[in-house]
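The values are calculated or read from the model by the stated rules, or taken from the named source; none is laboratory data. This one's a predicted model, so the numbers in the text were calculated from it and none came from an experiment. Glycine gets a Cβ as well: all are built from the backbone with ideal geometry, and neighbour counts include every protein chain shown. Note: accessible area is taken over every heavy atom of the protein model, side chains too, but ligands, DNA and RNA are not part of it. Shrake-Rupley method; radii C 1.70, N 1.55, O 1.52, S 1.80 Å.
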Amino acid sequence: MKLKAFTLPLFLLFLLSCKTDPAPLAETVVEEVKEWQPEDTRSMTGVMAKRGLIYNSETDTEGYVLFEPSSSTSTFLINKNGEVVHRWDSDLNSMNSYLQPNGHLIRMERDENFPTFAAGGQSGRIKEYDWEGNLVWDFAYFSETYLTHHDIEVMPNGNILAISYDAISAEEAEASGMDPQHIPKAGIWLDKIIEIEPVKPKGGKVIWEWRMQDHLVQEFDPSKKNYAIVAEHPRKINLNTASEEAGPPMTQERLDQMKKMGFLTSNATVDNRGSDITHTNAISYNPELDQIVISVPGYGEIFVIDHSTTTEEARTASGGKSGLGGELLYRWGNPANYGMGTKEDQKLFGQHDSKWIPKGYPGEGNLMVYNNDIPHPDNKLPNMWAALAGNPSPELNVSIGDVGNYSAVHEWKIPTSENGFYEPNENGVFGPKTPDWTYTAPDKYSMYSSFISGAHRLKNGHTLITQGKQGRFIEVDENGKLVWEYWNPFVDDYKLPDGSPAQPTGPFIFGIFRATLYPEDHRAFKGKSLEPIAPQPDPFIFKMPPPQEEIAQ
């Protein structure tokens, strides 16, 4: 998750909450498909939207949905009527967690004291709680050069795969062949994947590691490391790829303003704006293949790597079941990054939640991803962030004519050769040319979240989708028909000890990184009481601030 710089009036922070009785849980009629006109606007924040349960059909999947509000220290489990049936509370912020078959919860938590890194999705701690909320494991992983962030994957053997920043100094980046004009003073943050063997009740062993920095290529400077023709090495990462996550330079005055408005965390500095070039935000493991897929939105791609290597083999181009060591087995989303296309060939834009569809599910073995920010060719403005500059409305209404970007969920099967390898096609591009299945909103524009978000397949063929920045969850069936809809009504105001936000949520106060639906027969629920808790948590009600002239009076 990352919020980019733009201007907003300070009165957006004028938020009030009050207690209200929960809305009746009535099934509503699905509206007709809207025909959008260029002058029509849509809310980027959804602060005035009706919240809680919106639609509950007879064909939705029975089960329970797990999620964390971005500014909260609590994890909520709701039933399909939108009622909270269980919650876990902690002293630290979390935006991502996984329910285990024994009823325990493994959460990524935002440590309060780590140095260096400043971007959304920060973590530094992984904790495990039992059903009653007792802490059973605590693992810290942060320093001046590394930090867990965004996502983890619990493996079948109980080990945990985690994404970590991997800081490279400006001098190291230049020595590796990066164009000095694009190197921030603080250096760059690539990513690495670590496998943690838990040591309970506190600590863990990192028993495997894969690093992006071991698989770079550049054709900028023949005198520096990693020099080669990029197009001849499609399984390496071009260090001079233009990052969509880096953002523009920032003055100290602007930086201080953005921190005050909640768009940046306290570790942000003028020197590290632009350091977060890859911003890996999702990880998923395929135990049948012993392979890992990660989402790299800074490059508009997903990467597949071989987990069957040793750590030493993962640093090379040989070894493991693939024989390719730690080189990329497969990549998809932006072939221009490896010299095999242009900007027009890009398929993924700020994507989140890349994952394998599990064995036994419709589409098993395929990949799925939430494609956040698909551009409209007729946009008058470059992106949503530009449209928000100076917008006076707390709803942040933007017209379709100004920014007609939209989101989609894709599913596809990786083309595989007879010997089981992933090979580029005759044009040197990793296929497929188009996904095998795509879901967009029937009206195209109403499902739009330019950051966070996710989607996952259910065993009956349905798909649960998180429209993250507005905090909206929907379930669609195999034909794309809406069968359930819920909008997160919970907001917290947790702050770090220095008074800054744990995550840079800005005005997206109802935002959710990702929600997960667990079926009612999930082993975690065996013998558990899942009656609605009493009293129910109070929903947060946003009240529109008075006009600026009234404030002045």
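Below, the figures for the structure above:
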quantity	calculated
Sorted peptide list for 537-546, 354-363, criterion being average Cβ within 10 angstrom, highest first	354-363, 537-546
Highest average packing first - 471-480, 98-107, Cβ atoms within 10 Å	471-480, 98-107
Net charge over other residues, Cβ less than 13 angstrom from the Cβ of GLU112 (K, R count +1; D, E count -1)	-1
Residues of type aspartates and glutamates that LYS343 reaches as a straight line, Cα spacing below 18 Å, ignoring anything fewer than 8 places off in the same chain	GLU244, GLU245, GLU301, ASP373, ASP378
Dipole axis of the chain (+1 Lys, Arg; -1 Asp, Glu on Cβ), positive-most option in GLY499, ALA170, TYR445	GLY499
Normalised per residue, the volume of the convex hull around the Cα set of segment 178-226 (Å³)	95
For segment 437-553: lysine pairs under 28 Å (alpha-carbon distance), excluding those fewer than 8 apart on one chain	11
Efficiency of FRET from Cβ geometry, GLU364 and LEU135, R₀ 41 Å, rounded to 0.05	0.70
Tensor-based shape of segment 206-340 (alpha-carbon gyration tensor, a/c under 1.5 rounded, otherwise prolate or oblate)	prolate
Solvent-accessible heavy-atom area per residue, rounded to whole Å², over the chain at 1.4 Å	41
Matching label, Rg/Rh (Cα atoms, Kirkwood Rh) computed from the structure shown, candidates (i) 0.97; (ii) 0.94; (iii) 1.00	(ii)
For segment 68-201, with +1 on Lys and Arg beta carbons and -1 on Asp and Glu, the positive-most of LEU99, TYR141, GLN122 along the dipole	LEU99
Carbon plus sulfur fraction of accessible area for the chain, probe 1.4 Å, in percent	50
Assigned charges on the beta-carbon of Lys, Arg, Asp, Glu; segment 49-98 dipole about Cα centre (debye)	180
Dipole axis of segment 296-443 (+1 Lys, Arg; -1 Asp, Glu on Cβ), positive-most option in HIS376, ALA387, GLY401	ALA387
Computed magnitude of the charge dipole of segment 83-181 (debye, nearest 20; Cβ of K, R +1, Cβ of D, E -1)	300
Relative contact order computed over the chain (Cα-Cα under 8 Å; 6+ residues apart), in percent	20
Segment 393-523 - percent relative contact order, Cα under 8 Å, separation 6 or more	19
Restricting segment 254-322 to GluC sites (Glu not before Pro) in coil, as DSSP defines it, with at most 15 other Cβ within 10 Å	GLU288
The chain - share of DSSP beta bridges that are antiparallel (%, nearest 5)	95
Whole-angstrom gap from segment 468-508 to segment 365-385, using each part's C-alpha centre	19
Dipole in debye (nearest 20) - the chain, about Cα centre, beta carbon charges: Lys, Arg +1; Asp, Glu -1	420
Segment 46-98: trypsin sites (Lys or Arg not before Pro) in DSSP coil with no more than 13 other Cβ atoms inside 10 Å	LYS50
Alpha carbon centroid spacing (whole Å) that separates segment 183-227 from segment 43-106	33
Ordering of 405-415, 245-255 by burial proxy (mean other Cβ atoms within 10 Å per residue, highest first)	405-415, 245-255
